[in-house]
Amino acid sequence: MNKQSNNRISIMRDEPVAAALIKLGVPTMIGMLISALYNAIDGYFVGGLGMSQIGAVSVVFPIVQIVAGIGMMFGTGASSYISRSLGKGDHAEANRAASTALFFSILVGAVIIMGIMAFLDPVLISLGATDTILPYARNYVQIYAIGSIINVFTVTMNSLLTAQGATNFTMIAMLIGSITNVILDPIMIYALDWGIEGAAIATVISLCVTMALYIGYIGTKQGVLRLSPRNIRLSPRLLGEILKIGIPVILYQLLASASIGLTNGAAKPYGDYAVAALGVVTRIITVGNFIVYGFLKGFQPFAGYNYGAKQFDRLKKAIRLCLIWTTVFELAAAIILVIFAKPIVSLFGTDMEMIKLASTALRLNAILFTTYGFLMTYASLYLAIRKSLVGGLLTLSRQGIFFLPLIFVLPRLFQLSGIIWTQPVADLLTAAVTLIFAIKFNRALTAETPALPQGGEQT
């Protein structure tokens, strides 16, 4: 077993629970945060251009999510198999899995992007583009299409390098790309007067910077994995190993994209300000969601290992800490967002109608954001212990099982207010279902946990 795999197992098995969760969760959390900031940055700088431009980046956001989802499907799907292969000392199989995943992510990504570009206007209209938003959204996507393939590469590489323990490098690579975007956005949007096209160009260049860092990492043969065309395998068995983990990931991304597109479509009859306002709220809440989700990606392997090893006391403590930490963060974030909703949304534009609607929606979503850590802790837990049916149910409920019928029903009943309430009501229903499975799991875990000896201590 290689040194990195040994170290990872040692963390999950022997480290104090709090320290283990921090070591496993913080790097992935920072990586997800940086990913969310990419989109928030564009929204912030585009905000000064006008309502239609803000609406355009809101309409384009689901396409960005789908592109990232392709990389996550192959990258996350392969990372689990790579970790197991490295743990067994089978470096050749790990190299085949990594090379195959990277090849197919780029291939599938290219096919999807070409399909989107072939039907670009109908796609954008279906995602909520109005007549005034459509030209700006079209201009953005036509440039971003070049960077989208790069984005698939960088997202896939992030997962592949994380699987071999290179979390610090992936975090630095993404951070440098994000900083590049922050620097280039105001220059290209305003100084060079390129408008929304400048935002797209800045994003593409920043993705190129991150890609160059990953290529440099591969080229200098750092780390354990060796990516090469010679290691690509058109093997149903290998693809099956990748996709059985990857398909639920892409389904979640597709549902997230669909929920944004349907929200934009429902807001479309009310004008550009409504599309822009709900898009702004989505970007803000997504930052908080990604922080929690990223941290719990680190909790997931810890939960799976300790459940399998029957170290139930460590698992119970980890669950309790995750619930406490995520809830404290969410409460703090919710308080800030509720109190400062108006100045926060004002960063993304000056239109008073947009600010008023976005402030109301942000406060409502912020309050229900406090349930997100609870539901994702148990969704991650059930997936970690291979209870994929329940894990999938909890994962897909929030933006799928409950959201999809609600987005069709509530706006018809309550017009614009119904759109604003759709995600919070879906969150509330998902939390109720999660509570049922949380009680069931905790009872089963308590029954399996042996009584501690007198004076015994939990690690």
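The values are calculated or read from the model by the stated rules, or taken from the named source; none is laboratory data. In this text, all values refer to a predicted model and were calculated from it rather than measured experimentally. Positions of Cβ are generated from backbone atoms using ideal geometry, with glycine treated the same way; all protein chains shown enter the neighbour counts. Note: accessible area is taken over every heavy atom of the protein model, side chains too, but ligands, DNA and RNA are not part of it. Shrake-Rupley method; radii C 1.70, N 1.55, O 1.52, S 1.80 Å.
Here are a few things to note about the model shown:
- Region 294-318 versus region 238-252: alpha-carbon centroid distance in Å: 22
- Cα convex hull of region 82-204 - mean projected area over all directions, nm²: 9.0
- Cα gyration tensor category, rounded, prolate or oblate, for region 273-368 with a/c compared to 1.5: prolate
- Per-q log10 I(q)/I(0), the chain, q = 0.05 Å⁻¹ (Debye; single scatterer per alpha-carbon; no solvent): -0.18
- Two-site FRET efficiency, residue 14 against residue 347, from Cβ-Cβ distance with R₀ of 35 Å, rounded to 0.05: 0.20
- Compactness index (Cα Rg / 2.2 N^0.38 Å), region 383-442: 1.29
- Accessible-area ranking of 354, 114, 174, largest first, probe 1.4 Å: 114, 174, 354
- FRET efficiency estimate (nearest 0.05) - Cβ-Cβ, residue 448 to residue 244, R0 25 angstrom: 0.40
- In the distance distribution for region 114-162, Cα-Cα pairs more than 18 Å apart total 42 percent.
- Pairwise FRET efficiency - residue 332 versus residue 417, Cβ, R0 = 25 Å, nearest 0.05: 0.35
- Simple spin-label estimate for residue 389 and residue 26 in nanometres, 7 Å along Cα-Cβ: 4.0
- Beyond 27 Å in Cα-Cα separation lie the following of the pairs 310/440; 244/310; 297/356: 297/356.
- Volume per residue that the Cα convex hull of region 318-459 spans, once the total is divided by residue count, Å³: 130
- Within the accessible area of the chain (1.4 Å probe), percent carbon and sulfur: 68
- In percent, rounded to a whole number, the relative contact order of the chain is 23, using alpha-carbon pairs under 8 Å and six or more apart.
- Projected over every direction and averaged, the convex hull enclosing the alpha-carbon atoms of region 289-328 yields 2.5 nm².
- Per residue accessible area in Å² of region 353-418, where ligands, DNA and RNA are left out and the probe is 1.4 Å: 42
- Remark: the residue 320-residue 108 segment gains 72.3 nm on full extension, using 0.36 nm per residue and subtracting the alpha carbon distance.
- Kirkwood hydrodynamic radius of region 1-151, Cα pairs, Å: 18.0
- Considering every alpha-carbon pair of region 61-141, the percent of pairs per 10 Å bin, from zero through the bin containing the longest distance, is 17, 35, 22, 15, 9, 1.
- Once the Cα atoms are used to define both axes, helix 195-219 deviates from the longest principal axis of the chain by about 20 degrees.
- When the alpha carbon gyration tensor of region 182-286 is reduced to an equivalent ellipsoid, its three semi-axes come out at 35, 26, 10 angstrom, largest first.
- Within region 210-259, the proportion of C-alpha pairs whose separation exceeds 17 Å stands at 61%.
- Accessible-area order (highest first, 1.4 angstrom probe) of the listed residues 369, 340: 340, 369
- Using a probe of 1.4 Å, the accessible surface attributed to residue 387 totals some 100 Å² when neighbouring protein chains are kept in position.
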